[in-house]
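Quick one: structure below, then a few questions.
The values are calculated or read from the model by the stated rules, or taken from the named source; none is laboratory data. This structure is a prediction, so every number in the text was calculated from the model and none was measured. Virtual Cβ from ideal backbone geometry, glycine too; neighbours counted across all protein chains shown.
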Amino acid sequence: MSGEEIRQKGFPSGQIKLLTWQTWLHIQLNMTFSFDHNQSLGYLTAVASRLLSNLLAVRLHTSGIEMTAEQWGAIIVLMNSGPMTQGQLGERLHLEKSSVSRLTNGLEKRGWIERTKGPKDSRQRIVTLTSKALETAERCSTIARTILEEAQHGMTEDERLVLRSLLSRTMKNLRGLT
């Protein structure tokens, strides 16, 4: 709803800046918003993911490694699966084509990957890790493992297994919906 539409509903212009869409809806329908984001799996996993990614980026930077968490994720996939097309990498990371292109541009610019034309289709780009990425991977892995240990502090091994199992099942369920 625009500011003009809100003014037409009788709100003084000085109050418009204070109104959000939810506030307006609450006033109009006289109802309470009953969704508790602190109980939402989507909210909790998104915040946990951002916290992990931000901490990883800080720790990598502090260690002199100019790499983002997303770039580290791509390197892990390539280390575990070997060279692949950009499209395959995007599928594994669940990224749109434009995001994969931006990601691989950054990786190539920093010297972590090389992209070559596909042998069967010159439009395909094969993504391969460089020796720089392979040499740095163990340091990155140590940093990432340390962060995961810190994030799981106070959890028993059984709780960690249950957490991974439930998140994996959730991911499987969501993949089936797309």
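With respect to Lys172, determine if the residue is touching a Gly at 6+ places or on another chain (Cβ under 8 Å) and either at pLDDT 95 or above or assigned to a helix (DSSP H, G or I) (or both).
Numbers: touching a Gly at 6+ places or on another chain (Cβ under 8 Å): no; either at pLDDT 95 or above or assigned to a helix (DSSP H, G or I) (or both): yes.
Spelling it out, it is not the case that Lys172 is touching a Gly at 6+ places or on another chain (Cβ under 8 Å) and either at pLDDT 95 or above or assigned to a helix (DSSP H, G or I) (or both).
Would you point out which residue out of Ala144, Ala133, Ala137 is within 17 Å of the chain's Cα centre (by Cα) and closer than 16 Å to Ala69 by Cα? Outline the logic, then answer.
Working: Ala133 fails: within 17 Å of the chain's Cα centre (by Cα); Ala137 fails: within 17 Å of the chain's Cα centre (by Cα).
None of the others qualify; the one that does is Ala144.
Among the candidates Ala133, Ala144, which residue alone is surrounded by 13 or more Cβ atoms within 10 Å (Cβ to Cβ), within 19 Å of Ser63 (Cα to Cα) and in contact with a strand residue (DSSP E or B) (Cβ under 7 Å, 6 or more places away or on another chain)?
After applying the criteria, what remains is Ala133.
Only one of these is outside any loop (DSSP other than H, G, I, E, B) and buried (at least 17 other Cβ atoms within 10 Å of the Cβ): Leu89, Leu95. Name it.
Details: Leu95 fails: outside any loop (DSSP other than H, G, I, E, B).
It is Leu89.
Pick from Ser131, Ser141: which is under 17 Å from Ser53 (Cβ atoms) and out of contact with any His (no Cβ under 7 Å at 6 or more places or on another chain)?
On the way: Ser131 fails: under 17 Å from Ser53 (Cβ atoms).
That would be Ser141, the only listed residue that is under 17 Å from Ser53 (Cβ atoms) and out of contact with any His (no Cβ under 7 Å at 6 or more places or on another chain).
Pairs please, first residue from region 150-178 and in the same structural domain as Leu51 (by TED's automatic domain parsing), second anywhere and loosely packed, with under 10 Cβ neighbours inside 10 Å and aromatic (Phe, Trp, Tyr), Cβ atoms under 6 Å, 6+ apart in sequence or on different chains.
Close Cβ pairs satisfying both conditions: none exist.
Among Leu95, Leu89, which is the only one that is under 20 Å from the mean Cα position of the chain (by Cα), modelled with pLDDT of 95 or more and not polar (S, T, N, Q)?
Working: Leu95 fails: modelled with pLDDT of 95 or more.
Every option except Leu89 fails the conditions.
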